[in-house]
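The values are calculated or read from the model by the stated rules, or taken from the named source; none is laboratory data. All values reported here derive from a predicted model rather than from experimental measurement. Positions of Cβ are backbone-derived with ideal geometry, glycine not excepted, and every protein chain shown enters the neighbour counts.
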Amino acid sequence: MLNEPKYLSIKKDLQMKIEKNDYTLGSKIPSEAELRQQYKVSRHTIRQSMAELVNEGYLIKQQGSGTFVSDYYKNNATGNGKKVIGVITTYLSDYIFPSIIRGIEEELSKHDYSLMLSSTRNNVLNERRSLESMLEQNVDGLIVEPTKSNLINPNLNYYLNLTEKPTPLIMLNASYEELDLPVAALNDEKAGQLATEHLIEHGHTNIGIITKSDDLQGKNRFKGYLKALYNAKLSFSNDYILRYDTESKANIPNVIRETLQKNDLPTAFVCYNDEIAVYLIQEMNALGLKCPEDISVVSHDDSFYSTTLPSVKLTTIEHPKEELGRQAAKAIVKAVEKGTKIESIIFGPELIIRNSTREILDEDSSDLS
């Protein structure tokens, strides 16, 4: 059409890319500035295109995070009562979350279910908004990763109310300890224990840890670390128990750098996840320390970070990722269709050994002092 408005042609182009999977489900689309440059149009034109795509279910906006691809448009388009599962995660395009969401989407698509995505950025206000939005849309089931799961959450009443409704719910990665809700998760306590035992078996007796304090995964991985030390009759130094939360994460490289400048350094660290392990190794390198020659490192999740460094590949606990997503989706579909009670799905940890750890001799323990 010769006189077609620019915003409409841009909308159609983006719509086509989403339907052809050029922009995959859950992926973050280019920013307004990037789209303005790409299409050579004004900010108003881009915003008009985006607004229509959001309204029609092709995109979902996350405050402070960006705009992501949704497939809720499939449900809107069919209008035939297609079932919709709401999925709320702390993040969408970061770290291991694209893999988890891909597993959920693949399983739901087998049953011709739609998926409605939202993220909280690990913020309880965003979690409340996401829950309210999902419930307003009358989703048929919910898969939710809890927000700040190691803290008392002000949204617990929403979950209590959900238990009184027919809407089935399963949690991802962790649950709220105050509530008895089914969860699909890695056994994080055993994961932390396995990671620490690997270092102990390699002769390390002075082992530090970097862990996350506001998520239950961090608490449980820390419990596993303590259990391994206790079983081996080993102690630890509070100076080398480094904690951070969502808000202080940006400062963790500085905390690590200050810690590495102390005396009597540990010969090894257990890290909450691969991203933190990479921060640790980068700060070590900046100070002239090497991994694993000076400090061995064991991590969690086997994410893309685990092989991103040029010379060090992380020894890490494998996270089930896509399989976790698939199993959670299977459980929710079964509950929706047959009304069966959802049982928790707990994955046992497996250690992937690479070259970030080494066996230590007795005389090595004094090398860093």
Identity of the residue in region 18-52, of a type in the set (Lys, Arg), modelled with pLDDT under 90 and part of a helix (DSSP H, G or I), that ends up farthest from Tyr95 (Cα to Cα): Arg43
Verdict on Thr211 being of a type in the set (S, T, N, Q), surrounded by fewer than 19 Cβ atoms within 10 Å (Cβ to Cβ) and not in a helix (DSSP H, G or I): no
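Residues are listed down the side, and each one gets a yes or a no for (1) out of contact with any strand residue (DSSP E or B) (no Cβ under 8 Å at 6 or more places or on another chain); (2) surrounded by fewer than 17 Cβ atoms within 10 Å (Cβ to Cβ); (3) touching a residue at least 12 places away in the same chain (Cβ under 8 Å):
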site	(1), (2), (3)
Glu275	yes, no, yes
Ile281	no, no, yes
Ala286	yes, yes, yes
Glu293	yes, yes, yes
Val298	no, no, yes
Ser311	yes, yes, no
Leu314	no, no, yes
Ile317	no, no, yes
Glu323	no, yes, yes
Among the residues of region 325-344 satisfying the criterion of being among the β-branched types (Val, Ile, Thr) and in contact with a strand residue (DSSP E or B) (Cβ under 7 Å, 6 or more places away or on another chain), which is surrounded by the most Cβ atoms within 10 Å (Cβ to Cβ)? Ile332
If you take the residues of region 224-261 that are modelled with pLDDT of 95 or more, over 20 Å from Asn285 (Cα atoms) and of a type in the set (A, V, I, L, M, F, W, C), which of them is surrounded by the most Cβ atoms within 10 Å (Cβ to Cβ)? Ala228
If we keep just the residues of region 47-61 that are free of Cβ contacts under 8 Å to residues at least 12 places away in the same chain and surrounded by 12 or more Cβ atoms within 10 Å (Cβ to Cβ), which is farthest from the chain's Cα centre (by Cα)? Ala51
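Here's the yes/no breakdown for (1) out of contact with any helix residue (DSSP H, G or I) (no Cβ under 6 Å at 6 or more places or on another chain); (2) in contact (Cβ under 8 Å) with a residue 40 or more places away in the chain:
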| site | (1), (2) |
| --- | --- |
| Met16 | yes, no |
| Lys28 | yes, yes |
| Ala33 | yes, no |
| Gln37 | yes, no |
| Thr45 | no, no |
Condition first: assigned to a helix (DSSP H, G or I) and assigned by TED's automatic domain parsing to the domain that holds Val297. Now tell me which residues in region 324-359 satisfy that. none
